[in-house]
Amino acid sequence: MDDVFDRVFAGESAVQKVQIEANGLRSDMLLSPVDFDPGHLIPKLPGRYMARASKMAVVAAHHALERSGLLLSGVGPAEAGIYIGCGLGGSEELQAHYERYLADPPRRLRAATTPMIMASGPASHISMTYGITGPSVTYSIACVSSAVAIGEAFRAIRHGYLDTVLAGGAEAQLNTGTLAGWRELSVLATEHATGAEASSRPFDTHRTGLVLGEGSVVLVLESESAAQARGAEPLAEIVGYGVSSDAYNLTEPCPVGQACAMRLALEDASLAGERIGYVNAHATGTLLGDRVEAEAIRNTFGSHADKLAVSSTKSVHGHLIGAASALEAALTVRTLQTGRIAPTANLTDPDPECDLDCVPLVGREAPELEYALSNSFAFGGSNATLVLRKAMAS
Amino acid sequence: MTPYAFLADVLSEKYDVDPDAISPEATLTELGLDSLTIVELLFDVEDEFGIEVPEERASLETLAEAVALVEELLKAKGD
């Protein structure tokens with residue numbers, strides 16, 4: 001994750017032009033795909049029953065457990081939970097299933113398809129792979145899936161239900177059928193004149209839409225007492241979580257609902273807005289989405305909005321849908337750890353309607369930064385905000 | 001390829017079964033196959049030999065039983 005943050009901080013884009021072939025037709029799409037090989041981390045037999053998102057989740061969980069020290073010390077069987085956000089589960093397996101089913105003549109179907117396409121597959125496979133017998137739950141709420149997974153895990157720990165949770169998200173929906181659906185929505189970015197890597201342009205006048213990505217990010221959340229008991233060094237602290245619904249429109253965002261999530265998160269953290277120094281924005285690079293979020297931030301923070309640094313790291317890693325919030329929360333953790341704010345890459349011509357300090361092009365040092373928000377908003381009008389705090393020196 | 005050779009090959013290659021554990025008397029459960037994997041294995045067999053295993057014959061215990069079933073279905077098919 002350290003290396004990922006360094007690349008995001010440097011504005012290094014993962015967006016590329018990928019050739020897609022379906023129904024005999026070839027076309028180029030702008031995507032942020034992962035060059036993924038689980039290697040020895042997933043044995044052959046269980047791997048046969050894991051969709052791509054599950055494999056990514058198992059590997060991400062491995063790294064989280066290893067980095068936290070829990071892999072060596074072992075996770076207590078009933079003491080840990082698994083809270084994962086995932087939008088579409090094994091959508092590539094569903095596509096393969098339908099291709100076989102609808103072929104003429106129909107081809108044999110796999111018995112494993114049904115359990116492989118579940119959105120809960122990633123959480124289940126983390127549980128089975130690492131022997132974690134606490135609750136393994138999945139939140140499937142489009143683009144806020146993993147923000148809610150992390151937020152609900154935070155609540156479960158705060159209210160004493162669990163001491164340790166593997167929380168995050170997994171998404172791998174860059175298969176042709178799913179991509180075709182996205183294309184019809186007219187929300188995807190077109191290639192920028194300076195190249196594919198410059199095509200994700202949140203807050204920029206020349207934005208044309210979002211770039212889809214994929215991946216999995218898993219965090220280890222622990223109660224303060226559990227972390228102290230095993231001498232773990234916290235990376236950051238989650239101090240607030242707010243969640244709301246617009247009750248408005250299936251695809252159009254609403255500033256009232258978004259501001260509500262931010263306000264609830266600040267209240268949950270018992271924090272005045274003035275204490276926040278940075279917002280990792282949801283901003284995907286759609287005109288309406290970016291403007292509504294900017295308005296919601298201004299409505300939430302009032303005049304303090306002028307002092308906030310607001311950046312969208314989607315400018316380099318694209319939109320990971322169900323895994324987006326987990327990646328952005330992890331990047332926000334790293335922001336607080338390092339005191340370095342990642343920029344909004346490609347922001348050469350800021351949209352005057354997004355009248356905020358969107359950290360254009362170049363990252364900046366912010367050693368005094370103590371509190372940050374991570375925003376996530378979804379189709380269906382679901383909004384979730386996490387408040388994170390820099391870990392205090394022990 | 002004989003049904004036994006095919007099964008032994010698939011079990012070690014696709015299903016990660018230790019080749020030394022594979023014998024006609026070995027039960028599929030002993031070889032580490034769960035119910036889902038047994039169904040998937042039968043699909044592999046059906047594809048390879050162009051046969052269809054009737055649902056009521058699909059509960060098999062040992063590799064020898066699986067081989068006998070495949071041979072019976074192949075005979076019935078006229079191969």
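The values are calculated or read from the model by the stated rules, or taken from the named source; none is laboratory data. All of these numbers come straight from a predicted model, not from anything done at the bench. Cβ coordinates were reconstructed from backbone atoms using ideal geometry, including for glycine residues, and neighbour counts include every protein chain displayed.
At a glance:
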| quantity | calculated |
| --- | --- |
| Selected residue (only one of A:ALA111, A:ALA147 is within 14 Å of chain B (Cβ to nearest Cβ) and either in contact with an Asp or Glu (Cβ under 9 Å, 6 or more places away or on another chain) or at pLDDT below 95 (or both)) | A:ALA111 |
| Flag if A:SER216 is closer than 19 Å to A:ARG334 by Cβ and of a type in the set (Ser, Thr, Tyr) | yes |
| Helices (runs of 4 or more DSSP H) completely within the range A:67-185 that count 2 or more residues being without any contact (Cβ under 8 Å) to a residue 60 or more places away in the chain | A:70-73, A:91-102, A:113-117, A:176-184 |
| Conditions (1) away from every other protein chain (no Cβ under 14 Å); (2) more than 16 Å from the chain's Cα centre (by Cα); (3) buried (at least 16 other Cβ atoms within 10 Å of the Cβ): number failed by A:TYR49 | (1) |
| Selected residue (only one of B:GLU25, B:GLU13 is more than 21 Å from A:THR114 (Cα to Cα), surrounded by fewer than 16 Cβ atoms within 10 Å (Cβ to Cβ) and within 12 Å of chain A (Cβ to nearest Cβ)) | B:GLU13 |
| Scan of the range A:135-152 for residues that are within 15 Å of A:ALA61 (Cα to Cα) and touching a Leu at 6+ places or on another chain (Cβ under 7 Å), ordered by number | A:ILE150 |
| When residues of the range A:251-306 are limited to those that are more than 20 Å from the chain's Cα centre (by Cα) and polar (S, T, N, Q), the one farthest from A:PRO352 (Cα to Cα) | A:SER270 |
| Wholly within the range A:279-343, helices (runs of 4 or more DSSP H) carrying at least 1 residues that are within 20 Å of A:GLY240 (Cβ to Cβ) | A:287-301, A:324-338 |
| Of the criteria (1) part of a helix (DSSP H, G or I); (2) under 30 Å from A:PRO234 (Cα atoms), which one A:SER13 fails | (1) |
| Scope the range A:365-386; condition exposed (fewer than 15 other Cβ atoms within 10 Å of the Cβ) and touching a Lys or Arg at 6+ places or on another chain (Cβ under 9 Å); matching residues | A:GLU365, A:PRO367 |
| Tally of residues being within 17 Å of B:LEU74 (Cβ to Cβ) and within 9 Å of chain A (Cβ to nearest Cβ) across the range B:28-48 | 4 |
| Qualifying residue in the range A:70-88 (condition: crowded, with 24+ Cβ neighbours inside 10 Å, among the hydroxyl-bearing types (Ser, Thr, Tyr) and touching a strand residue (DSSP E or B) at 6+ places or on another chain (Cβ under 6 Å)) | yes |
| Cβ-Cβ under 8 Å pairs, at least 6 apart or on other chains, the range A:15-35 side farther than 11 Å from A:ALA180 by Cα, far side surrounded by 15 or more Cβ atoms within 10 Å (Cβ to Cβ) and modelled with pLDDT under 95 | A:ARG26/A:ILE20; A:ASP28/A:ILE20 |
| Residue match in the range B:59-79 (condition: over 15 Å from B:LEU11 (Cα atoms), part of a helix (DSSP H, G or I) and within 14 Å of chain A (Cβ to nearest Cβ)) | no |
